[in-house]
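Here the structure is laid out as structure tokens; the discussion comes afterwards.
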Amino acid sequence: MTNKKKRQRGQRTRGGGTQKNRRGAGNRGGRGRAGREKHEFHNYGPLGKHGFKRPDAVQDEVAEVSVQRLDEDAAVLAAEGLAEESGDGYAVDARDVAEDGWEVDVVKVLGDGQVRNDLTVTADAFTAGAVERIEAAGGEAVLSERAEEAAESEDSSDEPDDQE
């Protein structure tokens, strides 16, 4: 059996068709990203801008804390002075527990896991599951002053002006 090199001795194109076929970039359809709008479109993503992105100045920075983490760490937080032990339960401020809690705009409590302790949690926002689990364990979900002020300002901006 002869190898390919030996078989192709004496040929000018070595399996590339006629001499012209491999000559320029035209045979490949262009160089680089040429043809990305026409015949090479399937190799590249869509051109142009799509959608809308809200400006960073308008967006709120949100830190999240799991209600299960608050429940599990309640005794430790009380020992560290980040929570208050009251009777049979604990009063916890979510801003004290969240990472960078005092530097972000909103601290939200998520409803992951189980709640066994009687918790009074103060935060800027709660998911429906978090409120349900806290109240089912005999606790209370309290909105912070910052969240109440924001809700009042939204309510006042929604009301139509009655000027005659």
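The values are calculated or read from the model by the stated rules, or taken from the named source; none is laboratory data. Please read these numbers as outputs of a predicted model, since none were measured by experiment. Using ideal geometry, Cβ is built from the backbone for each residue, glycine included, and neighbour counts are taken over all protein chains shown. With ligands, DNA and RNA removed, areas are computed over all heavy atoms of the protein, side chains included. Shrake-Rupley method; radii C 1.70, N 1.55, O 1.52, S 1.80 Å.
Scanning the range 20-33 for residues that are in contact with a helix residue (DSSP H, G or I) (Cβ under 8 Å, 6 or more places away or on another chain) and assigned to a loop (DSSP other than H, G, I, E, B) yields one hit, 31. Taking the range 79-112 as the search range and keeping residues that are farther than 24 Å from residue 148 by Cα and of a type outside the set (D, E, K, R), which one is surrounded by the fewest Cβ atoms within 10 Å (Cβ to Cβ)? Among those residues, the one meeting the criterion is 87.
Of all residues in the range 119-131, those that are surrounded by 17 or more Cβ atoms within 10 Å (Cβ to Cβ), outside any strand (DSSP E or B) and under 19 Å from the mean Cα position of the chain (by Cα) total 1. Within the range 85-99, being more than 29 Å from the chain's Cα centre (by Cα), at negative phi and modelled with pLDDT under 90 holds for 85, 86, 88, 89. Pick out the one residue from 17, 10, 51 that is closer than 30 Å to residue 126 by Cα and either assigned to a loop (DSSP other than H, G, I, E, B) or in contact with a strand residue (DSSP E or B) (Cβ under 9 Å, 6 or more places away or on another chain) (or both). Going through 17, 10, 51 in turn, the sole match is 51. Within the option set 76, 58, 62, 67, being of a type outside the set (S, T, N, Q), touching a residue at least 12 places away in the same chain (Cβ under 8 Å) and open to solvent by 60 Å² or more (accessible area, probe 1.4 Å) holds for one residue only, 62.
Scan the range 20-38 residue by residue and report those that are of a type outside the set (Asp, Glu) and open to solvent by 100 Å² or more (accessible area, probe 1.4 Å). Within the range 20-38, 20, 22, 23, 27, 28, 31, 33, 38 qualify. Among residues of the range 138-163 being open to solvent by 100 Å² or more (accessible area, probe 1.4 Å) and in a helix (DSSP H, G or I), the one that is modelled with the lowest pLDDT is 158.
Can you confirm whether residue 38 is more than 23 Å from the chain's Cα centre (by Cα) and outside any loop (DSSP other than H, G, I, E, B)? Against the criterion (more than 23 Å from the chain's Cα centre (by Cα) and outside any loop (DSSP other than H, G, I, E, B)), residue 38 does not qualify. Considering the range 103-118, and only residues there that are within 20 Å of the chain's Cα centre (by Cα) and in a loop (DSSP other than H, G, I, E, B), the residue that is nearest to residue 136 (Cα to Cα) turns out to be 111. The residues of the range 62-98 that are assigned to a loop (DSSP other than H, G, I, E, B), more than 11 Å from residue 117 (Cβ to Cβ) and in contact with a strand residue (DSSP E or B) (Cβ under 7 Å, 6 or more places away or on another chain) amount to a single one, 98. Is at least one residue of the range 41-59 of a type in the set (A, V, I, L, M, F, W, C), under 30 Å from residue 150 (Cβ atoms) and at pLDDT 90 or above? Taking every residue of the range 41-59 in turn, at least one turns out to be of a type in the set (A, V, I, L, M, F, W, C), under 30 Å from residue 150 (Cβ atoms) and at pLDDT 90 or above.
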